[in-house]
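Have a look at the structure that comes next, please.
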Amino acid sequence: MGLVGVVFSKIEARKTRRRMQQWHRDRAEDGKPPGGRRTFGWKEDRMTREPTEAKLLADAVEEFIAGRSLNSIVRDWQSIGVKTSTGRDWTTSSLKRLLQNPRLCGYRRIGNQLVHDDHGEPVVGAWEAIVTPEQWLAVDTLFRARAGHRVGRDGKPAETLPVDHREHRHLLSGILRCGKTKPDGTVCNAQLRVTRQRDCEQHIYACTTKGRGGCGGLGRRGDKVDEYITELVLAKLEQRQAVAKAAGPWPKEAELERIEGKLTTLTEQWKSDQITDDFFFTNVRDLEQQRTSLRNERARHAAVAERAATDTTDIRRRWHTPPEDGGLDISQKRAYVREALHAVVVLPVGKGNGSRGNFNPDLLVPVWREG
Ligand SMILES: [Zn+2]
């Protein structure tokens with residue numbers, strides 16, 4: 001194939017692709033589900049919920065919003081033999097793809113964009129939704145936050161939430177940091193690791209050796225620290241829930257409506273030639289940006305509200321229930337801890353007090369996350 005042939009075949013491919021996109025868009029605007037294979041959660045007709053799968057999905061969404069890791073949900077599904085719609089085992093990435101699919105709440109996405117109607121509202125499909133748009137937006141916001149695009153209240157990008165790359169068997173490994181001052185005057189700050197010692201039944205959080213970046217000079221009884229930090233985190237969650245409840249509905253709803261109204265008016269004026277192209281495009285861009293940032297803000301507010309709706313008394317109960325009886329597993333607990341805290345600095349005890357036997361909560365300094 002010569003160069004001209006290549007160019008033509010590329011143009012053809014682009015045309016086909018455009019026709020495909022248009023076909024998808026038409027279907028989406030009619031509320032029809034996208035074609036192709038059945039999606040997990042729905043029956044073969046792609047419209048009706050498959051009750052067992054839909055329940056699993058709805059629970060997964062709720063738990064993910066509440067801080068459970070994808071990995072922990074996937075392990076749960078694997079253990080009860082749940083398979084994908086093509087009969088495979090679930091993986092964290094296949095579950096992530098599914099949870100990111102706006103189809104869950106009845107929305108459609110083509111490319112990177114949700115399909116909107118003429119009024120700028122997302123088109124709602126005719127198939128049965130599994131979660132509410134608020135829940136799906138909360139999930140979407142969480143994934144975006146993890147991808148490093150978290151935006152603070154002031155609109156500036158905030159630091160990203162850390163992700164647990166490894167499986168941890170203990171509540172606070174990697175979260176506790178050594179607060180001992182080294183001979184050169186700086187604080188050690190190494191992450192404490194779990195060790196066990198023969199004379200002690202409990203696990204011990206200890207600073208790693210010098211060879212591994214620590215000072216090796218600090219340790220604390222694990223059970224006591226876990227218990228104390230658990231109470232601290234639960235109290236913080238309760239406090240935040242109270243704050244989120246008091247925050248009430250999103251305060252900028254009217255502002256968003258005003259911007260949307262302006263956009264509609266502007267578009268109508270432009271369509272009927274009352275304003276110039278130049279005026280229209282200059283103003284429409286600015287308004288659309290405002291609309292996008294307000295919508296993002298609304299989604300974040302919804303995510304906070306979703307969390308507030310998670311009953312903390314239930315978290316407290318599940319914290320102290322074994323996972324096999326519906327309690328939280330270690331990854332879920334760590335998610336709550338990491339959501340509340342950056343770290344806990346463990347200060348050394350004074351000479352002669354013995355670093356393990358004598359537990360003093362004042363020597364644990366929590367570093368809270370904002371929010
Ligand atoms: Zn140290």
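The values are calculated or read from the model by the stated rules, or taken from the named source; none is laboratory data. These numbers were taken from a predicted model, which means no experiment stands behind them. Cβ placement follows ideal geometry from the backbone for every residue including glycine, while neighbour counts extend to all protein chains displayed.
Those residues that are at pLDDT 90 or above and in a loop (DSSP other than H, G, I, E, B), I need them from the stretch 318-346; list them, please.
Answer for the stretch 318-346, where residues must be at pLDDT 90 or above and in a loop (DSSP other than H, G, I, E, B): there is none.
Taking the condition of a type in the set (Lys, Arg) and surrounded by 17 or more Cβ atoms within 10 Å (Cβ to Cβ), does Arg212 pass? Talk me through it step by step, then tell me what you get.
Numbers: of a type in the set (Lys, Arg): yes; surrounded by 17 or more Cβ atoms within 10 Å (Cβ to Cβ): no.
Considered against the rule, which asks whether it is of a type in the set (Lys, Arg) and surrounded by 17 or more Cβ atoms within 10 Å (Cβ to Cβ), Arg212 comes out as no.
Of all residues being crowded, with 20+ Cβ neighbours inside 10 Å and touching a Ser or Thr at 6+ places or on another chain (Cβ under 7 Å) in the stretch 71-89, which is farthest from Lys43 (Cα to Cα)? Just the residue, please.
The selected residue is Ser72.
Which strands (runs of 3 or more DSSP E) does the stretch 186-261 wholly contain that include 3 or more residues that are within 16 Å of the ligand (Cβ to nearest atom) and either on the phi < 0 side of the Ramachandran plot or not assigned by TED's automatic domain parsing to the domain that holds Asp118 (or both)?
Those strands (runs of 3 or more DSSP E) span 192-196, 203-207.
Of the residues Ile315, Ile330, which single one is under 26 Å from Gln239 (Cβ atoms) and buried (at least 19 other Cβ atoms within 10 Å of the Cβ)?
On the way: Ile330 fails: buried (at least 19 other Cβ atoms within 10 Å of the Cβ).
Answer to the selection: Ile315.
Right, here's the next one. Go through the residues of the stretch 279-291 one by one and say whether even a single one is part of a helix (DSSP H, G or I), without any contact (Cβ under 8 Å) to a residue 40 or more places away in the chain and among the acidic types (Asp, Glu).
Start the filter on the stretch 279-291 by keeping residues that are part of a helix (DSSP H, G or I), which leaves 279-291.
Retained after the next criterion (residues that are without any contact (Cβ under 8 Å) to a residue 40 or more places away in the chain): 279-290.
Filter once more, so that each one left must be among the acidic types (Asp, Glu): 286, 288.
Yes; the residues of the stretch 279-291 include at least one that is part of a helix (DSSP H, G or I), without any contact (Cβ under 8 Å) to a residue 40 or more places away in the chain and among the acidic types (Asp, Glu).
Table: residues versus (1) hydrophobic (A, V, I, L, M, F, W, C); (2) at pLDDT 85 or above; (3) surrounded by fewer than 17 Cβ atoms within 10 Å (Cβ to Cβ).
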| site | (1), (2), (3) |
| --- | --- |
| Val115 | yes, no, no |
| His119 | no, no, yes |
| Pro122 | no, no, no |
| Val139 | yes, yes, no |
| Gly148 | no, no, yes |
| Leu161 | yes, no, yes |
| Glu167 | no, no, yes |
| Arg177 | no, yes, no |
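Turning to a different aspect of this structure: Quick one: in the stretch 215-236, which of the residues that are free of Cβ contacts under 8 Å to residues at least 40 places away in the same chain and of a type in the set (Gly, Ala, Ser) is surrounded by the fewest Cβ atoms within 10 Å (Cβ to Cβ)?
Ala235
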